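The values are calculated or read from the model by the stated rules, or taken from the named source; none is laboratory data. All of these numbers come straight from a predicted model, not from anything done at the bench. Here the Cβ positions follow ideal geometry from the backbone for every residue, glycine too, while neighbour counts run over all protein chains shown. The area values use the complete protein model at the heavy-atom level, side chains included, leaving out ligands, DNA and RNA. Shrake-Rupley method; radii C 1.70, N 1.55, O 1.52, S 1.80 Å.
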Amino acid sequence: MRMVDLIEKKRDGGELSKPEIDFIIQGYTKGTIPDYQMSAFAMAVFFKDMTASERADMTMAMVESGETIDLSAIEGIKVDKHSTGGVGDTTTLVLAPLVAALDIPVAKMSGRGLGHTGGTIDKLESIKGFHVEVTKDEFIDLVNRDKIAVIGQTGNLTPADKKLYALRDVTGTVNSIPLIASSIMSKKIAAGSDAIVLDVKTGSGAFMKTEEDAYKLAHTMVSIGNSVGRKTVAIISDMSQPLGFAVGNAIEVKEAIDTLKGVGPKDLTELVLTLGSHMVCLAKKAKSEEEARKKLIEVIKNGKAIEKFKLFITNQGGDASVVDNTDKLPQAAYKIDISAKKDGFVSEIVADEVGTAAMLLGAGRATKEDTIDLAVGIMLRKKVGDKVEKGEPIATLYSNKKDVEEVTSKIYNSITISDKAEIPKLIHGIVTK
Ligand code: URA
Ligand code: CA
């Protein structure tokens, strides 16, 4: 086989066979196919798309390019959750203990990552002593015993995706549905769960800005998952404004704790219940979404969810007393209110801009080497649709520096106050096939 022939075949709109896709991905991983040929191929896919079977073959070829996690030693149906990424997205911190409280095994591999705030692991590390350096055996034992554990990225998972994603980043080929879908799904499949719930975000703070693109991506990922034997469901959810009120690390942990106690923000709670009820159904712990939702609400009300969170923290070396005393979380030196300049209704909070403001305070990393300030971030005081009076705080900056001029102007730019406002729909839809 010659790579140049396969590039031409895709360029002319042909369909590649499984052996052809395996040849490309294996060759690229090994280095026998150079970056320039892979770039041309990615661009051909960008313009000509891929058929459903090509997408599934591409995904599995990337899974097979490296190690995979074997979770078969864990009893029960393992359901993983993935979000395509948003601002102030605290869902994993809440969902993991919440579904584990219903005896559903949560064997989570998580990363730090780059972005507006840290990843799930960074956030959890704002709890003193908490760590994810557990061995694979300990990880399996913890999940079997207590149904929940989080481990840092281990092993060489999907090296083909790592290499291809970096190449796409500099060749104008990130924004291709088959490439995004196979990239995300290969990582989820390599991580070993039996079923997957996807939270596909749409809106200004999301990767997929329009609802139409979000649906396309969701349909593609669900179809890949189902065709390779992992039952997959996708929720399309709003990311036109940040989720909840907190955008940061420690402050998102506090928000997660509140939500597990039943006193969290309305939108975060609703999204967690929606994603959670699909996880419960996929794990076969309920027959209908309604039944699943009832069970989730019950473990929030009876305290089992927050108890599970405490147990999880303790198991991984953390100080669980933060749950009852959140002042023990890292605290910022300054809390600076930003006040409304006029009366009206909040009609827009541009998620991306709020995220960037949090990053400017030090809540996220721009490069892998950057360190994160876990204490800082943005606490919104209003959400879209809320009434506001001139002089009232619309956001509070949690900062370790006094000079917050740039951040303040970012927040003013991101929040619009108008005569009227419409509350955005949180759940746009659900894709099951
Ligand atoms: N996230 C991924 O993991 N891969 C993509 O291609 C895009 C977003
Ligand atoms: Ca939040």
Completion exercise
For the chain, the percent of accessible surface on carbon and sulfur atoms (probe 1.4 angstrom, ligands and nucleic acids excluded) is 51 percent
Fill in the blank from the handout: When the chain is treated as a Gaussian network with springs between alpha carbons less than 10 Å apart, the largest mean-square fluctuation among Thr92, Thr51, Thr68 is found at Thr51
Practice task
Find, among the trypsin sites (Lys or Arg not before Pro) in the range 361-397, those assigned to loop by DSSP (not H, G, I, E, B) with at most 14 other beta-carbon atoms within 10 angstrom.
Solution key: Lys368, Lys390
Handout entry: Average projected area [Cα convex hull, the range 160-214], square nanometres
Key = 4.4 nm²
Exercise for the section: Measure nothing fancy, just the Cα-based angle from helix 177-190's long axis to the longest principal axis of the chain, in degrees from 0 to 90, nearest 10. Expected result: 80 degrees
Handout entry: Value of [θ]222 nm, deg cm²/dmol, for the chain, DSSP H segments ≥ 4, -39500 (n - 2.57) each, nearest 500
Key = -13500 deg cm²/dmol
Exercise for the section: Mind telling me which of Met221, Met38, Met58 comes out most flexible in a GNM of the chain, alpha-carbon contacts under 10 Å? Expected result: Met38
Exercise for the section: Calculate the translational D of the range 311-433 in whole µm² s⁻¹ from Stokes-Einstein, where the hydrodynamic radius comes from the Kirkwood formula applied to all Cα pairs, the temperature is 37 °C and the viscosity 0.692 mPa s. Expected result: 198 µm²/s
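What translational diffusion coefficient, to the nearest whole µm²/s, does the range 161-283 have by Stokes-Einstein, given a Kirkwood radius computed over alpha-carbon pairs, a temperature of 10 °C and 1.306 mPa s viscosity?
100 µm²/s
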Handout entry: Label point distance in nm, Thr68-Thr51, each placed 7 Å from Cα along Cα→Cβ
Key = 2.4 nm
Problem - Rounded, prolate or oblate (a/c below 1.5 giving rounded, otherwise prolate when a/b exceeds b/c) for the range 1-86 by Cα gyration tensor - result: prolate
Exercise for the section: Would you mind checking the tilt of helix 405-414 against the longest principal axis of the Cα atoms of the chain, expressed as 0 to 90 degrees and rounded to 10? Expected result: 70 degrees
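Taking only protein heavy atoms and a 1.4 Å probe, what accessible area per residue, in Å², does the chain have with all protein chains in place? All intermediate terms of the calculation are to be shown ahead of the outcome.
On the way: 18160 Å² over 433 residues.
Here the per-residue accessible area is 42 Å².
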Practice task
Could you check what % of the DSSP bridge pairs in the chain are antiparallel, to the nearest 5?
Solution key: 55 percent
Handout entry: For the chain, alpha-carbon Rg and Dmax in angstrom
Key = 21.9, 69
Completion exercise
Note, Ser83: beta-carbon cut-off 10 Å, +1 each Lys/Arg, -1 each Asp/Glu, net 0
Problem - Debye-sum result for the range 80-195 in log10 I(q)/I(0), which assumes one identical scatterer on each alpha carbon, at q = 0.16 Å⁻¹ - result: -0.86
Problem - Nearby lysines by direct alpha-carbon distance to Lys136 (threshold 19 angstrom, same-chain neighbours under 8 apart not counted) - result: Lys78, Lys108, Lys147, Lys187, Lys188
Exercise for the section: With everything on Cα atoms, drop me the angle between helix 136-146 and the longest principal axis of the chain, reported from 0 to 90° to the nearest 10. Expected result: 50 degrees
Practice task
Compute the Cα gyration tensor for the range 235-359, then decide on rounded, prolate or oblate, letting a ≥ b ≥ c be the square roots of its eigenvalues: rounded whenever a/c is under 1.5, prolate when a/b is larger than b/c in the other cases, and oblate in all that remain.
Solution key: oblate
Exercise for the section: Quote the relative contact order of the range 307-433 in percent (integer), defining contacts as alpha-carbon pairs under 8 Å separated by 6+ residues. Expected result: 34 percent
Handout entry: DSSP-assigned coil residues among GluC sites (Glu not before Pro) in the range 307-385, each with at most 14 further Cβ atoms within 10 Å
Key = Glu369
